[in-house]
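Comments concern the structure below.
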Amino acid sequence: MPDNEPKTIIAVEIGSSKIRGAIGALGSDNTLTIQAVEEEPMTDWVRYGAVSNVEEVAGLTNRIIRKIENRIAPRKVKSVYLNIGGRSLCTMPREVEQSFAEDTEITAAIINELITDARDGSPYADRDTLVVVPRHYYIDKREVSVAKGTVGHNIRMAANLVTCRPQTRRNLERIFTDKLKLSIAGIKVRPLALADAVLTKEEKRLGCMFVDFGAETTTVAIFKGGALQFLSTLPMGSRLITRDIQALKYTEERAEELKIKVGSAASPLMNGGRQAAIPAEHAAINNYVLHRASEIIANIKNQLKQAGYVASDLPEGIIIVGGGARLNGFTSRLSAALTMNIRLGSVDTTRMRIADGHISPTDSADILALLLAATDTDAEECTQRPAPQPAPQPVQQPVQEQPIYQQPTYQQPAPQPVQQPIQQPVQQQPVYQQPAYQQPYQQQPTYQQPVQSTPVYQQPAQQQPVQQQQPVQQQQPVQQQTTRTTSKKGTEKSNSSWLDRIKNIAERLMTEEPEDNDYRDDV
């Protein structure tokens, strides 16, 4: 980070009614510029200034961080400054001393050793020491206003240990370190940070009472001689008044609205004992506001007594901050009850520049005070730039070349081997074979033409019928049938001719394959 570039400081304030986040830019000349303030409303997850539900508060806080990152993009938040408070916050007295063999000049190193001894040797083991605030220094039993630079054999420091319950701090670490994965740049005590931003040096030196009237807690701090003398936190705030009004059958939002618009903490005695005519509904609201405000004022007055001071010891009076201070008639009634002057505190804008006109130094005093407290020490840069990502290598698309037309060159075809024709098997026509006759062949009766003879009566020759031979595998010679001639010579000649023809027909039938079974044409 260049030396001339402003540091970006991120602060987060977790209150009982809302969560706030702020962005501050610290220049090289140590000037603080408030760039933005973001907030998220919240109820029921922070009780009396201490986180009671880590998961829900972490979710709302994460939304604040996202809003801040949107304003500082592309940078990211890496660490934050926090405020700590709550009902357990208070001061514990502690005294430490150191002796020397001879006169010794008191240096800053010796004072730091005393502060370390006071912190480490705390007798309050059940409490977490947040900061050690010196009240008085005694050099050789003589009180001095400034210890550094004096000479003596012995130095004694009376200090206040600002402590709280360990659970209060541990819950903050769970939210930011465990849940949000952010580092904590520093934790500031809320009442001390507010007092440093609101009070003047004269008010701290001469003596004053600083009151932070919040939603669920009221913190009272007393300053005298330029140092914190007393600090205590009361578990009561302006939300108690809102819940009292809810008893009149109002929602919390409506009760809060009526408390601000209608309610008044001023006593009728402050108005000459006369109460203006108001509606009955408003009278019931004012009754709750009046009695609860009286209780809170009585407890603030009692803290002055516990600190061992009276009103005359604090000539600068009361400086009050917080949302509860805007309740009608509360400041005037508190001033009358403690017989002290009172003023409404606001952050000293001469120590900062507010870039956004919507930011109110009075309403946003807590978060602005936290930013100022971060600049009192060596402030830490709370953001970081994302690591540069390597540039992606361009994907080279394959170049699709246009096909170039080329005249095809004639190539002599390679000689192909002569393929022998596939000889199809010759399908031979089946030769018709005369089936061998197993059954005796029955010859068709042959038409016999009558022989025309002379009208002389002739006794017909008795012809023996031709007996058909049984078919055999081998040809058998035809046995000629002899006929007995009983006629005359002409008749014998005619019969002989007829028999020869029959013989020839029979031989042909036995020796040749007939193409037709019909032999009638041969007759």
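The values are calculated or read from the model by the stated rules, or taken from the named source; none is laboratory data. Bear in mind that the values here come from a model prediction, so they are computed numbers and not experimental data. Note: ideal-geometry Cβ built from the backbone for every residue, glycine included; neighbour counts use all protein chains shown. Areas reflect the complete protein model, heavy atoms only, side chains present, ligands, DNA and RNA absent. Shrake-Rupley method; radii C 1.70, N 1.55, O 1.52, S 1.80 Å.
Worth a mention:
- Partner aspartates and glutamates for Lys181 [C-alpha distance under 14 Å; skip if fewer than 8 residues away on the same chain]: Glu55, Glu173
- Within segment 80-238, percent of DSSP bridges classed antiparallel, to nearest 5: 90 percent
- Cα-derived Rg over Rh, computed across segment 69-112 with Rh taken as Kirkwood radius: 1.32
- Computed 3J(HN,Hα) for segment 100-112, one whole-Hz value per residue from the Karplus formula 6.51 cos²θ - 1.76 cosθ + 1.60 where θ = phi - 60°, is 10, 6, 9, 4, 10, 6, 7, 10, 5, 5, 5, 5, 5, glycine and proline marked x.
- Carbon + sulfur, % of accessible area of segment 285-365 - ligands and nucleic acids excluded, 1.4 Å: 47 percent
- In this structure, the amide hydrogen of Phe230, modeled 1.01 Å from its nitrogen in the peptide plane, lies closer than 5 angstrom to those of Ile222, counting only residues at least 5 positions away or on a different chain.
- Accessible area per residue for segment 69-145, computed on protein heavy atoms with a 1.4 Å probe, is 55 Å².
- With the highest mean first, a sort of the peptides 240-247, 208-215, 189-196 on other beta-carbon atoms found within 10 angstrom per residue produces 208-215, 189-196, 240-247.
- Antiparallel DSSP beta bridges within segment 211-259, percent to nearest 5: 100 percent
- Peptide packing for 120-128, 306-314 was compared via the average number of neighbouring C-beta atoms within 10 Å per residue; ordered from the highest value, the list is 306-314, 120-128.
- Hydrodynamic radius (Kirkwood) for segment 161-214, which is based on Cα pairs only, to one decimal in Å: 13.6 Å
- Selection from Asn154, Tyr138, Ile175 lying farthest towards where the dipole of segment 136-177 points positive, charges on Cβ: Ile175
- Isotropically averaged projected area of segment 272-390, using the convex hull of Cα atoms (one quarter of hull area), nm²: 14.2 nm²
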